[in-house]
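Quick notes on the structure that follows.
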Amino acid sequence: MVATTFQTRRLRYRGECSECGMVLAPGIEAQWHPVTRQIRCLACARTAPAAGAPADPFTVAARDVGAAGRSVEGCFGRNGKVGAEGERKLGSMLDAGADGAYLPIHDRRVPGSRGNIDHLAVAPRGVYVIDAKKWSGRVEWVTRDFRRRVLVGGRDRTGRLAETLAWQAGAVQEALDRSGHGDVPLHRVVCFVDAEWPLLQPAFRVAGLLVTPPRALVERLGRDGPLTYGRRRAVAVALAAALPPA
């Protein structure tokens, strides 16, 4: 049977404490989790909650995995069901690809607004505000009037996408500012689920947006960056508190 709790051992490779972000050199004694593959220094291990203690606030507030797509499914008829299906599919892919590298948060409500944010991901390179779209047709970019435009099925969708993500990113930036994390980089993402993509153009940028398929997004979220796990976790908890489940 595979152990599901932290184990104390000497590290074979250089690592980073998942709690405080301290760099741990090879050969140092630390704790390692065989499932999540996270490590933590012995100082953080001594202050970790005991078994049976209240759940971590991030687990309770942010990892509401089953909420993905819930807020729209019953609101807009068939379109709502299609949109909810896309959100759930992307949510599952984000959860499956995280592996501790980034922290996904799903279907958040913006206080004072009727709108919702499909997904957030707190990654080593910043916070990603993700709008999931399950639209049919080929996704590509063209240049018109010296500006890049997003085409889906031959229709220009640039304005609609940029407008939606502008207010979502604004709400997230306000939450970051109020929680003392205003310096964390913020990225706006449109992720098309089950769309057609040109073979040599899997992801591109238009009007300040990253337009991408799911697999390319998961790969990007896992890239190394300046935010330690401890900082990412603190940001995720703050966002989950400021933007409750929808």
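Quick note: the coordinates plus some simple rules give every number you see, no bench work behind them. Quick caveat: nothing in here was measured; it's all calculated off a predicted structure. Cβ sites come from the backbone with ideal geometry, for glycine too, and all protein chains shown count toward neighbours.
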**Prompt:** Can you list the residues, at least 5 places off or on another chain, whose amide H is less than 5 Å from the amide H of M22, using H built in the peptide plane?
**Reply:** C17
**Fill in**
Applied in sequence order to segment 130-145, the curve 6.51 cos²θ - 1.76 cosθ + 1.60 (Karplus, θ = phi - 60°) yields integer Hz couplings, x standing for Gly and Pro, of 10, 9, 8, 10, 10, 9, 8, x, 8, 9, 7, 10, 9, 9, 10, 6
**Asked** HN-Hα J couplings of segment 26-40 from phi, Karplus 6.51/-1.76/1.60, θ = phi - 60°, integer Hz, Gly and Pro as x?
**Response** x, x, 6, 7, 8, 10, 10, 9, x, 8, 7, 6, 8, 10, 8
**Fill in**
Going residue by residue through segment 231-246, the Karplus relation 6.51 cos²θ - 1.76 cosθ + 1.60 with θ = phi - 60° gives ³J(HN,Hα) values, rounded to whole Hz and with x marking Gly or Pro, of 5, 4, 5, 5, 5, 4, 4, 5, 5, 5, 6, 6, 10, x, x, 6
**Spatial separation of Cα centroids for segment 107-129 and segment 188-234, in angstrom** = 14 Å
**Positive-end extreme of charge dipole, segment 57-242 - chosen from G112, W197, A171 (charges on Cβ)** = W197
**Item:** Amide H partners (placed H, <5 Å) of H119, local residues excluded
**Value:** D107, I130, A132
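Determine the sum of side-chain charges near T8: Lys and Arg each +1, Asp and Glu each -1, restricted to other residues whose C-beta is under 12 angstrom from that of T8.
Values: positive: R9, R10, R40, R46; negative: E29.
Taking every other residue near T8 into account, the sum is +3.
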**Asked** Which whole-number percent gives the relative contact order of segment 7-46, counting Cα pairs below 8 Å spaced six or more residues apart?
**Response** 40 percent
